[in-house]
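Undergrad: What follows is a single structure, and I will ask about it in a moment.
The values are calculated or read from the model by the stated rules, or taken from the named source; none is laboratory data. Predicted model, so just to flag it, every value in this text is computed and none were measured. Heavy atoms of the whole protein, side chains included, go into the accessibility calculation; ligands, DNA and RNA do not. Shrake-Rupley method; radii C 1.70, N 1.55, O 1.52, S 1.80 Å.
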Amino acid sequence: MRLLLIRHGQTPSNVGHLLDTTVPGPGLTELGEQQAAALPERLADEKIDVLYASTLVRTQLTAAPLAQARGLEVAIRDGIREITAGDLEMRGDAASNDQYQRVAFSWPAGKPELRMPGGENGVEMLARYDAVIEEIAASGAEAAAVVSHGAAIRTWSAARARNLDADFAIAHPLPNTAVVVLEGSPAAGWTAVTWSDLDIPAEGPQPGH
């Protein structure tokens, strides 16, 4: 199966660097709406059988133009929402953002038992994300688009793709509406094909890239 993991369009909280992870969350900025509107053309060459979005409004608004262009219903699933910020919710200072990322990226680095302060741990986060991906795979879809969130996509991909790791995910933030493409299945495992616009070799990214 070909899996397209798409980060949502820009939100006001993105502009303010706020850790905004609760449901329903903010809508899109004017730029975010433009980014969402551009997705159908950007993905015109991609086969998409099913389209999923999280329970946060921003992913559903981002998915809407793609759904309309492809004649697809958007399946809403809580499991692909953003990593819960817990006690760090709505903080925008550098220390809080650094702590959030440090905990999140410790999970694919082999420490999934670590817990976000007042939030979830990696075992819980990866399990809920896995469950949605397993549902998609069980549907028989050959290609799926999943509109999700930056930290969640980076963390899950680094944990599940055989040719990615935490260091790569840390070094490569995803811009709004960036796409990570993976191929494989829950049973056979996953291989990253592209990360945003960067091609990923099957054996993994080389040092310095």
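Undergrad: Quote the accessible area belonging to ARG160 in square angstrom, nearest 10, computed with a 1.4 Å probe and with ligands, DNA and RNA left uncounted.
TA: So the heavy atoms of ARG160 present about 80 Å² to solvent.
Undergrad: Given a 1.4 Å probe and heavy atoms of the protein chains only, how would you sort MET125, MET1, largest accessible area at the top?
TA: Solvent-accessible surface, decreasing: MET1, MET125.
Undergrad: Something else: Quick one: Karplus J couplings for the range 175-187, per residue in order, coefficients 6.51, -1.76, 1.60, θ = phi - 60°, nearest Hz, x for Gly and Pro?
TA: Taking θ as phi minus 60°, the curve returns x, 4, 6, 5, 10, 10, 10, 10, 10, x, 6, x, 6 Hz for the range 175-187.
Undergrad: Taking Cα extents along the principal axes in Å as the quantity of interest, determine which of [x] 42, 39, 32; [y] 47, 39, 30; [z] 51, 41, 27 was computed from the displayed structure.
TA: Given [x] 42, 39, 32; [y] 47, 39, 30; [z] 51, 41, 27, the calculated one carries the label [x].
Undergrad: Another one. With an 8 Å cut-off on Cα pairs and a minimum separation of 6 or more residues, tell me the relative contact order of the chain in percent.
TA: 28 percent
Undergrad: Show log10 I(q)/I(0) for the range 50-153 at q = 0.10, 0.12, 0.13 Å⁻¹, two decimals, from a solvent-free Debye sum over equal Cα scatterers.
TA: Values, matching the q order: -0.32, -0.45, -0.52.
Undergrad: Beyond 16 Å, what share of the Cα-Cα pairs of the range 117-181 remains, rounded to the nearest whole percent?
TA: Cα-Cα pairs in the range 117-181 separated by more than 16 Å: 52 percent.
Undergrad: May I pose another question? For the range 1-95, what is the per residue volume of the convex hull drawn over the alpha-carbon atoms, in cubic angstrom?
TA: About 107 Å³ per residue, rounded to a whole number.
Undergrad: How many angstrom lie between the C-alpha centres of the range 154-209 and the range 1-79?
TA: Taking the Cα centre of each part, the range 154-209 and the range 1-79 sit 19 Å apart.
Undergrad: Same structure, new question: What is the ratio of the Cα radius of gyration of the range 5-61 to 2.2 N^0.38 Å, with N the residue count, to two decimals?
TA: Cα Rg divided by the expected 2.2 N^0.38 Å: 1.18.
Undergrad: Turning to a different aspect of this structure: Averaged per residue, what accessible area in Å² does the chain show with a 1.4 Å probe, protein chains only?
TA: 44 Å²
Undergrad: How do HIS8, HIS17, HIS172 rank by accessible surface area computed with a 1.4 Å probe, from largest to smallest?
TA: Largest accessible area first, the list is HIS17, HIS172, HIS8.
Undergrad: Taking the full set of protein chains and a 1.4 angstrom probe, give the accessible area of THR155 in square angstrom, rounded to the nearest 10.
TA: 0 Å²
Undergrad: Return the calculated 222 nm mean residue ellipticity for the chain, to the nearest 500 deg cm²/dmol, obtained by summing -39500 (n - 2.57) across DSSP H runs with n ≥ 4 and dividing by the residue count.
TA: Per the formula, -11500 deg cm²/dmol.
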